[in-house]
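First the structure, in the form of structure tokens, and then the observations on it.
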Amino acid sequence: MDKKKVLFVCVHNSARSQMAEALLKALAGDGFEVMSAGLEPRTINPFVVEVMKEGVSTSRVTRPRASSTLTRKENCFPMS
């Protein structure tokens with residue numbers, strides 16, 4: 001069975017979308033193909049890394065530009 005594809009998008013892909021990607025990967029395991037992207041990607045916010053250390057790793061999150069990933073996902077969640 002093909003995995004459902006999920007994309008979380010925000011402006012900089014530096015906080016909310018990164019957290020959403022890491023949480024879904026942690027909770028759903030290999031049940032979904034999960035990515036996050038930004039309209040103007042930046043590096044991940046250091047506070048996000050610190051908060052997520054309390055239980056969910058951000059080491060496997062993605063950082064592409066949203067325009068390169070939008071057409072390949074079945075479920076897109078914009079975050080503002």
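Would you please put 33-42, 46-55 in order of how densely packed they are, using the mean number of other Cβ atoms within 10 angstrom per residue and starting with the highest?
Per-residue Cβ counts within 10 Å, averaged per peptide and sorted highest first, yield 33-42, 46-55.
Quick one: which of 17-26, 2-11 comes out on top by average Cβ neighbours within 10 Å, and what's the full order, highest first? All intermediate terms of the calculation are to be shown ahead of the outcome.
Working: 17-26: 21.1, 2-11: 18.1.
The densest-packed peptide leads the list: 17-26, 2-11.
Using Cβ counts within 10 Å as a stand-in for footprinting exposure, how do 43, 58 rank, fewest first?
Placing the least packed residue first, the sequence is 43, 58.
Here, each number is a calculation from the coordinates, and none is a lab measurement. Owing to the predicted nature of the structure, the values given are computational and were not obtained by experimental measurement. Don't worry about glycine lacking a Cβ; one is built from the backbone with ideal geometry, like all the others, and counts go over all protein chains shown.
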